[in-house]
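The values are calculated or read from the model by the stated rules, or taken from the named source; none is laboratory data. Model, not experiment: these values are computed from the prediction. Note that we place each Cβ from the backbone using ideal geometry, even for glycine, and neighbour counts take in every protein chain shown.
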Amino acid sequence: MEPARLFATQKLLIAFALVCSLSYASDSLASEESDYAGPVLDDKFFLIIGGFFPRIDSTVRVDSNSGIKGSDLDMEDALGLDDSVASPYLYFRWRYHPVHRVELEYYELLREGASIMQRDFRVGNISGSVGVGVRTSFDVRIGRLTYGYDIVKDKKKEFGILAGMHVTSGKVQSQFFGDFTIDGVGSVSGAVATEEAGITFPLPHLGGFFAYSFTPKLSTQLDLLLFRIEAAGIKGTLTEANATLHYQFAKNFGIGTGLKFYRFRLEDTGFSDRDSQFNYEFFGPVLYASASF
């Protein structure tokens, strides 16, 4: 992340923490002693609508239809994609029992970029050398369905386990301009060709969570999800970590901020019509408004 943007994000998070701290200090004793621990621990329905602003690091490899291995390309450096993006962020939790919950989450990272290739390369059936122009789009959409169970819960905190499924859709499309070859056949100068690869795949996850209510208005939650899969032509690993700070400024409405880290590595060795490999990692702040009851 650029220093100026990182500094601005840090100031925003610090300001939010100060506001919440002042609210904490001003809460009445009656509120402190209430049986209600706040929306994060007690409310049946909890909806978040906000924005996610991550910094992204990604590489991709797409093999040819005949099995010739493609080049490992850095999407930001080699293909000119932005290393940061703004995404809508949606989250919904249904606490259908005091110790049972279901969570839904969705966000998407859509990027475009252009560059001039600085080394020899192969992407799918297309190969070329230095000087070939390329315009690329790389769209990733991530949805999550998770079940949670409280192992420990009291008026101030809860700790439990999580299990569920991430469904990730990744699509990369590159358009090449210049002198290159397609399946080993040379092209004429100034030709244009497009190469596309995409996959939608499920990655199950296991993990845990911890939530703590400082007051009915101010609370925090930490989540960690992990998994590894190797089956049906797919090899993949998943790591996700979340930390949030929530402030309930009215009975049914609140605001919050947090940090999200996500990393997945996926190798397709037979799931789709051509082999490919995706490495995707991002980290950044989430800002949101919430409704709960």
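Looking at the stretch 213-225, can you tell me whether even one residue there is in a strand (DSSP E or B) and more than 22 Å from Leu287 (Cβ to Cβ)? Break it down into steps so the answer makes sense when it comes.
Step one: list which residues in the stretch 213-225 are in a strand (DSSP E or B), which gives 213, 218-225.
Still in the list and also more than 22 Å from Leu287 (Cβ to Cβ): none.
Taking every residue of the stretch 213-225 in turn, none turns out to be in a strand (DSSP E or B) and more than 22 Å from Leu287 (Cβ to Cβ).
Return the residue satisfying two criteria in turn: it lies in the stretch 95-111 and is among the aliphatic types (A, V, I, L, M) and surrounded by fewer than 20 Cβ atoms within 10 Å (Cβ to Cβ), and of such residues it is farthest from the chain's Cα centre (by Cα).
As a first pass, look at the stretch 95-111 and keep what is among the aliphatic types (A, V, I, L, M): 99, 102, 104, 109-110.
Then keep just the ones that are surrounded by fewer than 20 Cβ atoms within 10 Å (Cβ to Cβ); that gives 99, 102, 104, 110.
Numbers: Val99: 27, Val102: 19, Leu104: 13, Leu110: 11 Å.
Looking at residues that are among the aliphatic types (A, V, I, L, M) and surrounded by fewer than 20 Cβ atoms within 10 Å (Cβ to Cβ), I get Val99.
Under 20 Å from the mean Cα position of the chain (by Cα) and surrounded by fewer than 16 Cβ atoms within 10 Å (Cβ to Cβ) - does that describe any residue in the stretch 122-141?
Yes, the conditions are met somewhere in the stretch 122-141.
For the structure I just gave you, tell me whether Ala37 is modelled with pLDDT under 95 and surrounded by fewer than 17 Cβ atoms within 10 Å (Cβ to Cβ). Full working, then the answer.
Values: modelled with pLDDT under 95: yes; surrounded by fewer than 17 Cβ atoms within 10 Å (Cβ to Cβ): no.
Judged against the criteria, Ala37 is not a match.
Does His205 satisfy the criteria of being touching a Leu at 6+ places or on another chain (Cβ under 7 Å) and within 28 Å of Tyr262 (Cβ to Cβ)?
Numbers: touching a Leu at 6+ places or on another chain (Cβ under 7 Å): yes; within 28 Å of Tyr262 (Cβ to Cβ): yes.
Yes, satisfied.
Can you name every residue in the stretch 257-293 that is part of a strand (DSSP E or B), surrounded by fewer than 16 Cβ atoms within 10 Å (Cβ to Cβ) and without any contact (Cβ under 8 Å) to a residue 60 or more places away in the chain?
Those that are part of a strand (DSSP E or B), surrounded by fewer than 16 Cβ atoms within 10 Å (Cβ to Cβ) and without any contact (Cβ under 8 Å) to a residue 60 or more places away in the chain: Phe261, Arg263.
Going by the conditions given, is Asp154 over 18 Å from Arg61 (Cα atoms) and of a type outside the set (S, T, N, Q)? Spell out how you get there, then give the answer.
Details: over 18 Å from Arg61 (Cα atoms): yes; of a type outside the set (S, T, N, Q): yes.
When the stated conditions are applied, Asp154 passes them.
Just to be sure I understand, how many residues within the stretch 64-86 are in contact with a Gly (Cβ under 7 Å, 6 or more places away or on another chain) and without any contact (Cβ under 8 Å) to a residue 40 or more places away in the chain?
Here is the first cut: in the stretch 64-86, the ones in contact with a Gly (Cβ under 7 Å, 6 or more places away or on another chain) are 64, 70, 79-82, 86.
Okay, now just the ones that are also without any contact (Cβ under 8 Å) to a residue 40 or more places away in the chain, so 82, 86.
Residues in the stretch 64-86 being in contact with a Gly (Cβ under 7 Å, 6 or more places away or on another chain) and without any contact (Cβ under 8 Å) to a residue 40 or more places away in the chain: 2 in total.
Only one residue in Gly186, Gly233 is surrounded by fewer than 14 Cβ atoms within 10 Å (Cβ to Cβ), out of contact with any Asp or Glu (no Cβ under 6 Å at 6 or more places or on another chain), of a type in the set (Gly, Ala, Ser) and without any contact (Cβ under 8 Å) to a residue 12 or more places away in the chain, so which one is that?
Working: Gly233 fails: without any contact (Cβ under 8 Å) to a residue 12 or more places away in the chain.
One residue alone meets the criteria, Gly186.
With Tyr96, Tyr107 as the choices, which residue is without any contact (Cβ under 8 Å) to a residue 60 or more places away in the chain and in contact with a Leu (Cβ under 8 Å, 6 or more places away or on another chain)? Talk me through it step by step, then tell me what you get.
Working: Tyr96 fails: in contact with a Leu (Cβ under 8 Å, 6 or more places away or on another chain).
After ruling out the rest, the residue left standing is Tyr107.
For the stretch 142-166, give me each residue that is surrounded by fewer than 15 Cβ atoms within 10 Å (Cβ to Cβ), without any contact (Cβ under 8 Å) to a residue 40 or more places away in the chain and either under 26 Å from Leu81 (Cα atoms) or not β-branched (Val, Ile, Thr) (or both).
Asp154
Is it fair to say Ala211 is under 22 Å from Asp275 (Cβ atoms) and in contact (Cβ under 8 Å) with a residue 60 or more places away in the chain?
Numbers: under 22 Å from Asp275 (Cβ atoms): no; in contact (Cβ under 8 Å) with a residue 60 or more places away in the chain: yes.
Considered against the rule, which asks whether it is under 22 Å from Asp275 (Cβ atoms) and in contact (Cβ under 8 Å) with a residue 60 or more places away in the chain, Ala211 comes out as no.
Select from the stretch 68-99 the residues that are in a loop (DSSP other than H, G, I, E, B) and of a type in the set (A, V, I, L, M, F, W, C) and write down the one among them that is nearest to Tyr288 (Cα to Cα). Spell out how you get there, then give the answer.
Quick first cut of the stretch 68-99, residues in a loop (DSSP other than H, G, I, E, B) only: 68-72, 75-80, 82-83, 85-86, 98-99.
Keeping just the survivors that are of a type in the set (A, V, I, L, M, F, W, C) gives 68, 75, 78-79, 85-86, 99.
On the way: Ile68: 45, Met75: 29, Ala78: 33, Leu79: 32, Val85: 16, Ala86: 13, Val99: 25 Å.
Result: Ala86.
Just for the stretch 238-273: of the residues that are out of contact with any Lys or Arg (no Cβ under 6 Å at 6 or more places or on another chain) and among the polar types (S, T, N, Q), which one is farthest from Thr200 (Cα to Cα)?
Top of the filtered list is Asn252.
Among the residues of the stretch 68-77, is there at least one that is at pLDDT 90 or above, surrounded by 12 or more Cβ atoms within 10 Å (Cβ to Cβ) and closer than 21 Å to Glu108 by Cβ?
yes
Scan the stretch 47-67 for residues that are surrounded by 16 or more Cβ atoms within 10 Å (Cβ to Cβ) and part of a loop (DSSP other than H, G, I, E, B) and jot them down.
Correct list: Phe53, Pro54, Asp63, Ser64.
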